Amino acid sequence: MRPEDVREELKGLPIEGLTRLLEVCQQRAGRDAPRKNYGYVHQDLVNILGQRLGFTVEFGDYSQGPDGVWSYGDVKMVVESKTSSAWLQIKQVHDYVTERHASSGLAVAPEFTEDHLMAARSYGDVRLLTTNGLVRLLELKEEGKLTTEALVKILVPVESVKLDYFIDIIYAIAKPGKPAVEEKPVEKPEGLGYTEEQYLKNASREVASAYEKIKRSMLQLDRDVKFNPQKYYISIRKTRNFAYIRLKKSKMSIVIMLPYETGISLIKKHTITKLSKGVQDWYGAPCFQVTVENEADIEEVVKALEEAYKQSQT
């Protein structure tokens, strides 16, 4: 599987999953094949975090140019992602800023050396951000404590002796308004948990009907099976999760906790995706993804879910 084929899988992961995959990529990346693929996935993960922060993101080429370009209004940042700061050249980021006529550059890596800090200061148009810092910004954004406008002020270099600039950032965090770009797939009503209805109202009639049929079948198998709505998915569990459902307008993606080989032996009429090792590591066991658009041949998906349920009880 090519790194770009994994991109769509990664977009729906919760923050904890993205964080874990960043760490996996940083630990396993190298210059030789196939270890350099971890660097490509790391690049995509950083860009996905940028999207979730509210930026319009242009994913970069894996072999040339900046790793990404993040835009918001009139602001454009070139982004360079490294699994280790040992491979980071601040001058290269500065050159990308010039070539792309960007507002500034952003280098993202696990850590930086004093040489990197000095180089960034000398160029003046590059900022440095650790992957941990990037994740923490996303946490603040998705908790509604930070707007994309405030993020732009934090990430874009500015020379200012006027303190109101920094007060604006602090005020935006302390007294946040409604985020300009809402990235949460489901809005959480005040004082309530996530509900199936919140997901189903955005799904087509065909997708909602397929979901309800799956639910009825699993509850007939065991009345104690729970469909547990979370921030980014609905998990199916009894003693532990054995499937994760993501509902969209025209399709439903289900990650089933069974090996891919088992999946292709049980499911013949629906599209099955073999998940990358990093994604399977996050889910904690071998798994695959199946895409469902309507009720047609839903029985084979139910059969796979029943098998995953049985294995989760052993």
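Observations on the model:
- The structure shown yields semi-axes √(5λ) of the Cα gyration tensor in Å, and of the options [x] 31, 22, 19; [y] 40, 23, 15; [z] 48, 22, 18 that calculated value carries the label [y].
- Each of Ser250 and Lys274 was given a label point 7 Å from its Cα along the Cα-to-Cβ line. The distance between the two points is 2.7 nm.
- Among the listed pairs Lys213/Lys277; Lys36/Lys310; Lys36/Lys303; Lys11/Lys76; Lys153/Lys248, those beyond 28 Å (Cα-Cα): Lys213/Lys277; Lys36/Lys310; Lys36/Lys303; Lys153/Lys248
- One chain, two ends: Ile170 and Asn132. Fully extended at 0.36 nm per residue, the span grows by 11.7 nm beyond their Cα-Cα distance.
- Contour minus Cα-Cα distance for Asp95 and Asp61 (0.36 nm per residue): 10.6 nm
- Helical content of the chain, expressed as a calculated mean residue ellipticity at 222 nm, amounts to -13500 deg cm²/dmol (DSSP H runs of 4 or more residues, -39,500 (n - 2.57) each, divided by residue number, nearest 500).
- The H on the amide N of Ser235, modeled in the peptide plane, is under 5 Å from the matching H of Asn228, Gln230, Ile245, each at least 5 residues off or on a different chain.
- Estimated FRET transfer efficiency (Ile154, Ile264; beta-carbon r; R0 45 Å; 0.05): 0.45
- Cα shape, the range 3-174, gyration tensor, a/c 1.5 rule: oblate
- Cα-based helix-to-principal-axis angle, 205-221 vs the chain, degrees rounded to 10: 60
- In a fully extended conformation the segment linking Lys11 and Ala33 would gain 5.5 nm over its present Cα-Cα distance, using 0.36 nm per residue.
- Taking a ≥ b ≥ c as the square roots of the Cα gyration tensor eigenvalues, the range 209-314 comes out rounded, since a/c falls below 1.5.
- Dipole of the chain, positive end: most advanced residue of Val135, Ser122, Val225 [Cβ charges, Cα centre]: Val225
- Cα-based helix-to-principal-axis angle, 36-52 vs the chain, degrees rounded to 10: 90
- The simple Förster model, with R0 at 22 Å and r as the Cβ-Cβ distance, assigns Glu293 and Lys231 a FRET efficiency of 0.40.
- Fraction of antiparallel bridges per DSSP, the range 3-174 only, in percent to nearest 5: 45
- Rounded to 0.05, the FRET efficiency of the Thr195 and Arg240 pair, given R0 = 30 Å and the Cβ-Cβ distance, is 0.85.
- Charge dipole of the chain (Cα centre as origin; +1 on each Lys and Arg Cβ, -1 on each Asp and Glu Cβ, all else neutral): 700 debye, rounded to the nearest 20.
- For Val126, the residues whose modelled amide H falls within less than 5 Å of its own, excluding neighbours fewer than 5 places apart on the same chain, are Gly105.
Any read-out appearing in this document is the output of simple, stated calculations on the displayed coordinates, not a laboratory observation. All of these numbers come straight from a predicted model, not from anything done at the bench. No Cβ is skipped: glycine too gets one built from the backbone with ideal geometry, and neighbour counts run over all protein chains shown.
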